[in-house]
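Worksheet: one structure, shown below.
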Amino acid sequence: MVLDEHSNVILLKEIAELLNEETDMDRMLEGAIWKLLNGSNFETAWIFFIDEKGKHKLVAQANLPDALKANGCRHLQKGGCWCVKRYHDGDLKKASNIIACQRIENARTTKTGDSGGITHHATVPLQSGTEKFGLLNIAAPERTGFSADELALLESVAFQIGSAIKRIVLTKQEQELALVKERNRLARDLHDSVNQLLFSVTLTARGGSEMSAEPEVQETFRDIQHLTQEALNEMRALIWQLRPKGLESGLLEAIKGYAEMLGLTTEVKVTGVIQLPSRAEETLFRIAQEALNNIRKHAGVNKVELFMSVTSSDVLLVIKDEGRGFLLDERLYIPSIGIQSMRERAQAEGGTVDWSSEIGKGTEILVRIPY
């Protein structure tokens, strides 16, 4: 395909329209690089997101040769390379031809499939202003480098993609902020209305029991008081779940505070420095809430052990009790113990939840979340 200025303008316009319309990050990135390939001399493309620690993640790819696509794109997912290092070191400012790529070389030498004539690639950072997100890499068979015009086109596309990523990130942040505000509003309403009404019913039932001389009436009032107190405890737990007090002071303080509210004592052991992203903290807190609720309702004990281990890539949270335990059939869904809820929360963050339990010997829940 012969590139000219008019063709490039049309291509950039089509990509801009796609980026402006799409709100799903994955579909946006895939669609953008496919449009780039269809309208240019580039034949293969892939995108890395790179975090502040320099850890990269393959988030989009198009028309990869078998050698790079083999085993879940293993050669692109693992190991180091020059372009990511230059990006992390701050040396990659514009679209550049990469002289040698260790990933492509490994894919070719291990002979995991046909390399499709791909030996080199070009790379360009994805950014919006001073905020960087990752890299866009492109390649073509039997090409060791790309012209200045082709690199200029690549830079223009990268600028568009970077701006679109920033738009989606801001939109997501606004949605999360709106969700937090709605949770806070609902928590306040529950506290100011339903919670206060339940408290009033508890006091009224206690007064009725003390004022009556008939044993049957006293027993009825005591039953009402007991049930209302249980409902009040459930309401307080629900308010905590909507608006967890103490999370701003740290994850462990929030978990300990919630356990204390449920009448549970906690023994905590920590290894590593706890500096987690807010999303990982909230996920761990919500899972811990579910586990603590289950302990209060089903375990028959009031003591919980918490173990947390933090590494450079993930965090492991273990919640252990020595209560009644249970037998679990993996084929069944058991809402009462909330295992499915915990599993879904962890999976949403790329993590896992495992558990072991035995009748009369307690339960141990292991949560691992990458960050």
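The values are calculated or read from the model by the stated rules, or taken from the named source; none is laboratory data. Quantities reported herein were computed from a predicted structural model and do not represent experimental measurements. Backbone-built Cβ (ideal geometry, glycine too); neighbour counts: all protein chains shown. SASA here: full protein model, heavy atoms, side chains in, ligands and nucleic acids out. Shrake-Rupley method; radii C 1.70, N 1.55, O 1.52, S 1.80 Å.
Name the residue from I287, T112, Q102 whose Cα lies farthest towards the positive end of the charge dipole of the chain, charges +1 on Cβ of Lys and Arg and -1 on Cβ of Asp and Glu.
In the chain, that residue is Q102.
Taking the Cα centre of segment 176-217 as origin and charging only Cβ (+1 Lys, Arg; -1 Asp, Glu), how large is the dipole, in debye to the nearest 20?
For segment 176-217, the charge dipole is close to 300 debye.
Kindly identify segment 99-190 as rounded, prolate or oblate by the Cα gyration tensor criterion: order the square roots of the eigenvalues as a ≥ b ≥ c, call it rounded if a/c is under 1.5, otherwise compare a/b with b/c, prolate if a/b is larger, else oblate.
Judged from the Cα gyration tensor, segment 99-190 comes out prolate (a/c at least 1.5, a/b above b/c).
Could you size up the charge dipole of the chain around its Cα centre, putting +1 on the beta carbon of Lys and Arg and -1 on that of Asp and Glu, and report it in debye to the nearest 20?
That gives the chain a dipole magnitude of about 820 debye.
List, in the order given, every pair from K57/K94; K93/K181; K55/K111; K78/K172; K57/K361 whose Cα-Cα distance in the structure shown is over 32 Å.
Listed pairs above 32 Å: K93/K181; K57/K361.
Using unit Cβ charges (K, R positive; D, E negative) and no other charged atoms, how large, in debye to the nearest 20, is the dipole of segment 1-119 about its Cα centre?
Dipole magnitude for segment 1-119 comes out near 720 debye.
Students sometimes get this wrong: rank V270, V84 by accessible area, probe 1.4 Å, all chains present, largest first.
Ranked list, largest accessible area first: V270, V84.
State the Cα centre-to-centre distance between segment 213-228 and segment 1-39 in whole Å.
Centre-to-centre distance over Cα atoms comes out at 72 Å.
Quick one: compute a quarter of the convex hull surface over the Cα atoms of segment 21-133 and quote it in nm².
Seen from a random direction, the Cα hull of segment 21-133 projects 7.5 nm² on average.
Pull up the cross-link candidates among the aspartates and glutamates for K256, meaning alpha carbon to alpha carbon under 16 Å and not fewer than 8 places away within one chain.
E248, E267, E281, E282, E290, E305, D321
Hey, what's segment 167-216 come to in accessible area per residue, 1.4 Å probe, Å²?
74 Å²
From the list [x] 24.4; [y] 22.1; [z] 19.2, can you say which value of mean projected area of the Cα convex hull in nm² was derived from the structure given?
Given [x] 24.4; [y] 22.1; [z] 19.2, the calculated one carries the label [x].
Within the chain, what whole-number % of the accessible surface is contributed by carbon and sulfur, with the 1.4 Å probe and all protein chains included in the calculation?
Within the chain, the accessible surface is 52 percent carbon and sulfur.
Return a whole-number percent for the relative contact order of the chain, with Cα pairs under 8 Å and 6 or more residues apart as the contact set.
So the answer I get is 10 percent.
How much area per residue is accessible in segment 1-108 when the probe is 1.4 Å and only protein heavy atoms are counted (Å²)?
For segment 1-108, the solvent-accessible area averages 54 Å² per residue.
With point charges of +1 on the Cβ of Lys and Arg and -1 on the Cβ of Asp and Glu, referenced to the Cα centre of segment 122-221, which listed residue (T202, P125, F221) lies farthest in the positive direction of the dipole?
Result: P125, furthest along the dipole toward the positive end.
Just how far, in whole angstrom, is segment 63-94 from segment 250-280 if you go by their alpha carbon centroids?
37 Å
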